[in-house]
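Enquirer: Take a look at this one; I'll ask things after.
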Amino acid sequence: MKISVSQPYLTDHCKTHAIKAINEEQISGLAGSYIEKFEKEFAKYIGVKYAVSCTNGTAALHLSLIAAGVKSGDDVLVADLTNMATFFAVQYVGANPIPIDILLDTYTIDPLKVEEKITPKTKAIIIVHLFGQPADISVIMPHLKARNIKIIEDCAEAHGSKIFGKMVGSIGNFGAFSFFGNKNLTSGEGGIITTNDKSAATRLRNIRSLAFGIVGNKFVHEEIGYNYRLTNVHAAIAFSQTQNAENLISKRISVCEKYDELLNNFKELVLPVKRDHVKNTYWMYHVRIKEPDIICRESLTSFLSKVGVETRNGFVPYSQQNNINKKSNFNNPNANLCAKTTFYIPTFLDITTEQQQYVVESLILAFKSIKK
Ligand SMILES: *Cc1c(COP(=O)(O)O)cnc(C)c1O
């Protein structure tokens, strides 16, 4: 048996819309009908007034930071444990990312650590809803708002997740989503930004397409723009996925709840945490080895690989990235621990129960083999 860690799930509905988009013959530019259809459908799904599509999740973060008014020399507080795209976006605008440690139960930003790091230079915060778990910053929201610190939610791994009844992407000033091949919703590559701020939405639409002149001469540009346009064909796939979001996401949740059940009595692993006021969409089934021992993880995952079960190690935090973070020596113990002890197992929508059972049996065998 060979089970890959992730596989795309594209329905006939997706294919029909992609072909319709090709038949429109708007192969590039923003004139194809699916750009607007996708944006309207996604805004409705998240429960915000505006959604602006772009090429990918990294671009969505970059554009959000610009729209939040973050400039060179500003500080941006960022959850340390994430895909490094979150940090790169801060570096693209010349700002200083300040990595904040995470909580060990949810792997999301620790709000009390945020409070300690706020200074007059703090312009924005990026919270990351990692592995489908919504970050809870409710205790510091009033404080952030009072200081006019803009909140950007990195929702790349959490389409459809909710906290206190609110969809992620509708909580802060901006929500940045990715539609990469392995995300909860996908169009291969793709991204979208959600916001309730009308003037920010107008500016986002402009700068994602080279900031062409709006009144008068098109070639007298409004400001520095970017070519972050999504194509109509990708928008058609993303539109289809958004229309079917609840179905696709509930399939993913079922797969992960099956793992919860199969691993329930297995004490060597810390499973994704359950919280009452939260809808977790998981993204990938991500686990932590209780034993804080990196050799243990490498022997486990190589055993799994030999028996055909593909895994991925958890993220390495920014504070440990010596090639891209030369200036500062941050130390965040929880993020560090995760870098050594987490990994994720095959999670895709049409994985069979037999395959899931095989993954779990292999995991148990893997632990036995290294404990000898
Ligand atoms: C995937 C991901 C991104 C980047 O999205 P792309 O579409 O790959 O550019 C950003 N943040 C997080 C947390 C991600 O998982």
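Enquirer: Find the all-direction average of the projected area of the Cα convex hull for segment 142-252, expressing the result in square nanometres with one decimal place. Each step should come with its number before you reach the end.
Expert: Numbers: hull surface 35.2 nm².
Mean projected area for segment 142-252: 8.8 nm², to one decimal.
Enquirer: Using Cα atoms only, what is the angle between the long axis of helix 232-243 and the major principal axis of the chain, expressed in degrees (0 to 90) to the nearest 10?
Expert: On a 0 to 90 degree scale, this one is about 60.
Enquirer: Additional query: I want to check the label-to-label distance for residue 40 and residue 310. Put each point 7 Å from Cα in the C-beta direction and report it in nm to one decimal.
Expert: It works out to 3.8 nm between the two label points.
Enquirer: Another question, if that's okay. Can you pull the three principal axis extents for the Cα set of segment 249-297, in Å, largest first?
Expert: Principal-axis extents of the Cα atoms in segment 249-297, largest first: 35, 21, 19 Å.
Enquirer: To one decimal place, what orientation-averaged projected area in nm² is obtained for the convex hull of the Cα set of segment 1-118?
Expert: One quarter of the hull surface, i.e. the mean projection, equals 11.6 nm².
Enquirer: Let me ask another. Would you mind computing, in nm to one decimal, how far apart the modelled labels at residue 350 and residue 115 are, each placed 7 Å from Cα along Cα→Cβ?
Expert: That separation, rounded to one decimal, is 5.0 nm.
Enquirer: With the crude spin-label approximation of a point 7 Å out along Cα→Cβ, what separation in nm comes out for residue 215 versus residue 368?
Expert: Computed distance between label sites residue 215 and residue 368 equals 7.6 nm.
Enquirer: So how far, in whole Å, is the C-alpha centre of segment 99-120 from the one of segment 264-336?
Expert: 18 Å
Enquirer: Wrap a convex hull around the Cα atoms of the chain, take a quarter of its surface area, and give that in square nanometres. All intermediate terms of the calculation are to be shown ahead of the outcome.
Expert: Details: hull surface 76.9 nm².
For the chain, averaging the hull's shadow over all directions gives 19.2 nm².
Enquirer: Sort 147, 297 by Cβ crowding within 10 Å, fewest neighbours at the top.
Expert: Least to most surrounded, the residues fall as 147, 297.
Enquirer: Using the count of nearby Cβ atoms within 10 Å as a rough guide to exposure, how do 87, 38 rank from fewest to most?
Expert: Placing the least packed residue first, the sequence is 87, 38.
Enquirer: Just to confirm a number: summing +1 for Lys and Arg and -1 for Asp and Glu over residues other than residue 334 whose beta-carbon lies under 11 angstrom from that of residue 334, what do you get?
Expert: -2
Enquirer: Follow-up. Below 10 angstrom from the Cβ of residue 9, what's the summed charge of the other residues (Lys, Arg +1; Asp, Glu -1)?
Expert: So the surrounding residues net to +1.
Enquirer: Further question on the same structure: Of all the Cα-Cα pairs you can form in segment 212-318, what percent are over 15 Å apart?
Expert: Working: 4443 of 5671 pairs.
Value for segment 212-318 (Cα pairs over 15 Å): 78 percent.
Enquirer: In addition: Which whole-number percent of Cα pairs in segment 57-183 have a distance greater than 26 Å? Walk me through the numbers before you get to the answer.
Expert: Values: 774 of 8001 pairs.
That fraction is 10 percent.
Enquirer: Order of 96-109, 13-26 by packing, highest average Cβ count within 10 Å first?
Expert: 96-109, 13-26
Enquirer: Another one. Take the eigenvalues of the Cα gyration tensor for segment 273-372, scale each by 5, and report the square roots as semi-axes in whole Å, largest first.
Expert: Ellipsoid semi-axes (Å, largest first): 27, 19, 13.
Enquirer: Listing 112, 271 from the residue with the fewest other Cβ atoms within 10 Å to the one with the most, what is the order?
Expert: Working: 112 12, 271 15.
Ranking 112, 271 by Cβ neighbours within 10 Å, fewest first, gives 112, 271.
Enquirer: Here is the link list: 71/150; 121/150; 123/145; 123/326; 44/251; 49/198. Which ones come out longer than 18 Å on Cα distance?
Expert: Values: 71/150 13 Å; 121/150 12 Å; 123/145 11 Å; 123/326 22 Å; 44/251 21 Å; 49/198 8 Å.
Beyond 18 Å between Cα atoms: 123/326; 44/251.
Enquirer: Next question. What does the charge add up to near residue 165, with Lys and Arg as +1, Asp and Glu as -1, over the other residues with Cβ less than 14 Å from its Cβ?
Expert: Taking every other residue near residue 165 into account, the sum is +2.
Laboratory data are not the source of any read-out in this text; all were calculated from the coordinates shown. Computed from a predicted model, the values in this text were never measured in an experiment. Glycine also receives a Cβ, built like all others from the backbone with ideal geometry; neighbour counts cover every protein chain displayed.
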